[in-house]
Amino acid sequence: DSGVTQTPKHLITATGQRVTLRCSPRSGDLSVYWYQQSLDQGLQFLIQYYNGEERAKGNILERFSAQQFPDLHSELNLSSLELGDSALYFCASSVAQFIYNEQFFGPGTRLTVL
Amino acid sequence: DQQVKQNSPSLSVQEGRISILNCDYTNSMFDYFLWYKKYPAEGPTFLISISSIKDKNEDGRFTVFLNKSAKHLSLHIVPSQPGDSAVYFCAASGSTSGTYKYIFGTGTRLKVLA
């Protein structure tokens, strides 16, 4: 158990819909990272927040957005969903702000878009 | 444009022998490299990292080698154990002109045979 929690574990929705994925980092961690893992794809870094501020941005679509709240939990919002958005979404956290610091991953949320 | 490549999708090794997982990158801006291990239905777990100013980093049974001139890194696991059977991802991070990149390879599935 990494100490990072993600909810929900599974999510099934339809094209065009909007969903919100939630992540609670390990106690004391200030950075939260979001990743997408599609079928047959490696991990893709989406975005990082550090202490409430956006720190680094990867291949995040404009239909996706994220935020980190004062209590340090984070939400990833996915809108106008397409079939290709079906994937495993991971959240990770770390103490420091640098992306190369050791990150602790949650178990992931599996999103299925029908 | 696959900037981080793991050309071997799978690898089988006998228990007790050395496992060597390879990773190639194309962008000279990367200055940190990381390896993660992932079991099915779990989030990735950080294994080991290396800065571009080093050519070797060791942690127990795991050693990462970096050859900057060849833009190549490798992860050595000695001795290999059945519990090492997992998918291994390499990742590279770096920034230039305020643009941050953090890119993962597509993974190599290691199977350690008892």
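The values are calculated or read from the model by the stated rules, or taken from the named source; none is laboratory data. The structure presented is a predicted model; accordingly, all values stated were derived computationally and were not measured. So basically every Cβ, Gly included, is an ideal-geometry build from the backbone, and we count neighbours across all protein chains shown. Accessible surface is based on the protein model in full, side chains and every heavy atom, while ligands, DNA and RNA are left aside. Shrake-Rupley method; radii C 1.70, N 1.55, O 1.52, S 1.80 Å.
Structure data summary
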| item | result |
| --- | --- |
| Residue within region B:83-97 that is at pLDDT 95 or above, outside any loop (DSSP other than H, G, I, E, B), away from chain A (no Cβ under 12 Å) and under 15 Å from B:Gln6 (Cβ atoms) present | yes |
| Failed item in (1) more than 29 Å from B:Ser97 (Cα to Cα); (2) part of a strand (DSSP E or B); (3) open to solvent by less than 60 Å² (accessible area, probe 1.4 Å); (4) away from chain A (no Cβ under 13 Å), with B:Ile20 passing the rest | (3) |
| Qualifying positions in region B:76-97 - closer than 24 Å to A:Gln36 by Cα and either crowded, with 20+ Cβ neighbours inside 10 Å or in contact with a His (Cβ under 9 Å, 6 or more places away or on another chain) (or both) | B:Ala86, B:Tyr88, B:Phe89, B:Cys90, B:Ala91, B:Ala92, B:Ser93, B:Gly94 |
| Near pairs, Cβ below 6 angstrom, 6+ apart or cross-chain, from region B:98-114 (buried (at least 21 other Cβ atoms within 10 Å of the Cβ)) to any residue that is modelled with pLDDT of 90 or more and among the acidic types (Asp, Glu) | B:Val112/B:Glu15; B:Val112/B:Asp84 |
| Qualifying residue in region B:27-45 (condition: under 12 Å from B:Ile77 (Cβ atoms), β-branched (Val, Ile, Thr) and not in a loop (DSSP other than H, G, I, E, B)) | no |
| Subset of region B:33-56 that is among the aromatic types (Phe, Trp, Tyr) and buried (at least 16 other Cβ atoms within 10 Å of the Cβ) - its residue that is nearest to the other protein chains (Cβ to nearest Cβ) | B:Phe46 |
| Subset of region A:65-82 that is touching a residue at least 60 places away in the same chain (Cβ under 8 Å) and surrounded by 14 or more Cβ atoms within 10 Å (Cβ to Cβ) - its residue that is farthest from A:Ser24 (Cα to Cα) | A:Leu81 |
